[in-house]
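S.K.: This is the structure I have questions about; it appears just below.
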Amino acid sequence: MWYTNEDALDSIAIGAGILGTGGGGNPYTGKLRAKEVLKHNGPVGVVPLNELSDNEAVVCVGGIGSPTCDVEKLRGLESYHALKAIESYSQVQATALICNEIGGGNSFEAMIAASSAGLNVVDGDGMGRAFPELQMKTFFIYGAPFVPMSLCDEKGNVIYITEALNAKWVERLARAATIQMGCVAAYALNPMSGEQIRNTAVPGTLSLTRRIGEAVRKARQKHEDPVEAILRTHPGKILFEGKITDLERQTTGGFARGRVKI
């Protein structure tokens with residue numbers, strides 16, 4: 001187990017931006033929020049999957065909405081309130097938290113809620129990167145329950161989704177509610193056992209974001225190519241190179257959609 005600190009958060013933000021491939025919200029604002037919470041509550045322990053006992057109660061928390069709105073309407077402790085809401089509904093006390101996706105600002109949501117609740121976070125997530133919809137999580141692909149789910153906004157509204165046909169319908173219902181909440185909200189999923197997490201989560205992704213971020217920072221300090229530093233840290237391939245000449249973004253259907261010209 002290792003513990004977060006300001007230096008680790010700086011590296012995680014860079015790595016999360018890279019693994020997020022443009023999704024998951026702004027890692028910079030996520031990092032600032034995490035630093036503020038950890039400054040008041042102390043560091044968070046990051047626990048490997050293989051150190052989880054079978055009887056753990058691990059809750060996945062994350063943000064939902066449009067990243068374009070998230071930049072202007074910053075989240076507070078909505079993920080923590082979503083955690084307390086799902087604990088209240090399920091009558092199960094969480095023993096650890098896990099990221100919904102390891103990309104962008106969402107990489108920090110579990111950390112923020114965990115610091116507020118005095119819990120550790122699991123070194124893993126449900127995607128291995130950022131994907132746009134809930135049903136794309138490995139938890140659900142490998143059979144973990146997708147309900148109940150709690151959804152909270154900054155006003156104090158709490159919504160529970162207790163029954164749904166499948167995870168896709170949970171996504172559709174939660175997305176519709178999030179739009180009414182101003183396109184920025186946070187959620188918590190039904191507690192999962194340590195065995196379920198070991199069998200369904202993508203392992204080691206928080207550590208990976210940290211290593212990638214550290215590699216980029218060191219490369220910049222030495223005036224070296226950060227892309228080459230990333231490829232030395234984690235397998236990858238350069239598909240093409242170019243210069244961004246135009247970027248168009250719009251918020252539609254609770255998502256940020258756009259087009260980039262290279």
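The rows are residues; the columns are (1) assigned to a loop (DSSP other than H, G, I, E, B); (2) among the aliphatic types (A, V, I, L, M).
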| residue | (1), (2) |
| --- | --- |
| Asp54 | yes, no |
| Val59 | no, yes |
| Thr68 | no, no |
| Val71 | no, yes |
| Leu74 | yes, yes |
| Ser79 | no, no |
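S.K.: For region 39-56: of the residues being modelled with pLDDT of 95 or more and either of a type in the set (A, V, I, L, M, F, W, C) or on the phi > 0 side of the Ramachandran plot (or both), which is surrounded by the most Cβ atoms within 10 Å (Cβ to Cβ)?
M.R.: Ranking the qualifying residues of region 39-56, first place goes to Val44.
S.K.: Does Val92 satisfy the criteria of being assigned to a loop (DSSP other than H, G, I, E, B), surrounded by fewer than 24 Cβ atoms within 10 Å (Cβ to Cβ), over 10 Å from the mean Cα position of the chain (by Cα) and touching a residue at least 40 places away in the same chain (Cβ under 8 Å)?
M.R.: Taking the combined requirement at face value, the residue satisfies it.
S.K.: Applying the selection to region 2-17, what residues are touching a Ser or Thr at 6+ places or on another chain (Cβ under 9 Å) and either surrounded by fewer than 20 Cβ atoms within 10 Å (Cβ to Cβ) or under 22 Å from Leu77 (Cβ atoms) (or both)?
M.R.: Scanning region 2-17 gives Trp2, Thr4, Ile12, Ala13, Ala16.
S.K.: Turning to a different aspect of this structure: Of the numbered conditions (1) assigned to a helix (DSSP H, G or I); (2) more than 22 Å from Cys183 (Cβ to Cβ); (3) of a type outside the set (Gly, Ala, Ser), Ile86 satisfies every one except a single condition; which is it?
M.R.: Among (1) assigned to a helix (DSSP H, G or I); (2) more than 22 Å from Cys183 (Cβ to Cβ); (3) of a type outside the set (Gly, Ala, Ser), the lone unmet condition for Ile86 is (2).
S.K.: Let me ask something else. Pull up region 57-87, narrow it to residues that are surrounded by fewer than 21 Cβ atoms within 10 Å (Cβ to Cβ) and acidic (Asp, Glu), then point me to the one that is farthest from Arg210 (Cα to Cα).
M.R.: For region 57-87, the residue satisfying everything is Glu87.
S.K.: Does Gly15 satisfy being of a type in the set (Gly, Ala, Ser), out of contact with any Phe, Trp or Tyr (no Cβ under 6 Å at 6 or more places or on another chain) and farther than 27 Å from Met149 by Cβ?
M.R.: Against the criterion (of a type in the set (Gly, Ala, Ser), out of contact with any Phe, Trp or Tyr (no Cβ under 6 Å at 6 or more places or on another chain) and farther than 27 Å from Met149 by Cβ), Gly15 qualifies.
S.K.: Does Glu36 satisfy the criteria of being free of Cβ contacts under 8 Å to residues at least 24 places away in the same chain and either part of a loop (DSSP other than H, G, I, E, B) or surrounded by fewer than 16 Cβ atoms within 10 Å (Cβ to Cβ) (or both)?
M.R.: yes
S.K.: Still on this structure, I have one more. State whether one or more residues within region 119-142 are in contact (Cβ under 8 Å) with a residue 60 or more places away in the chain, among the charged types (D, E, K, R), in contact with a strand residue (DSSP E or B) (Cβ under 6 Å, 6 or more places away or on another chain) and part of a loop (DSSP other than H, G, I, E, B).
M.R.: Within region 119-142 (the criterion being in contact (Cβ under 8 Å) with a residue 60 or more places away in the chain, among the charged types (D, E, K, R), in contact with a strand residue (DSSP E or B) (Cβ under 6 Å, 6 or more places away or on another chain) and part of a loop (DSSP other than H, G, I, E, B)), the answer is no, since none of the residues qualifies.
S.K.: So, one more: Select from region 121-152 the residues that are more than 17 Å from the chain's Cα centre (by Cα) and of a type outside the set (A, V, I, L, M, F, W, C) and write down the one among them that is surrounded by the most Cβ atoms within 10 Å (Cβ to Cβ).
M.R.: Going through the qualifying residues, I end up with Pro148.
S.K.: For region 106-120, enumerate the residues that are out of contact with any Ser or Thr (no Cβ under 9 Å at 6 or more places or on another chain) and surrounded by fewer than 24 Cβ atoms within 10 Å (Cβ to Cβ).
M.R.: If the condition is that a residue be out of contact with any Ser or Thr (no Cβ under 9 Å at 6 or more places or on another chain) and surrounded by fewer than 24 Cβ atoms within 10 Å (Cβ to Cβ), then Ala117, Gly118 are the ones that fit.
The values are calculated or read from the model by the stated rules, or taken from the named source; none is laboratory data. Because the structure is predicted, anything quoted here is derived from the model rather than measured. Positions of Cβ are generated from backbone atoms using ideal geometry, with glycine treated the same way; all protein chains shown enter the neighbour counts.
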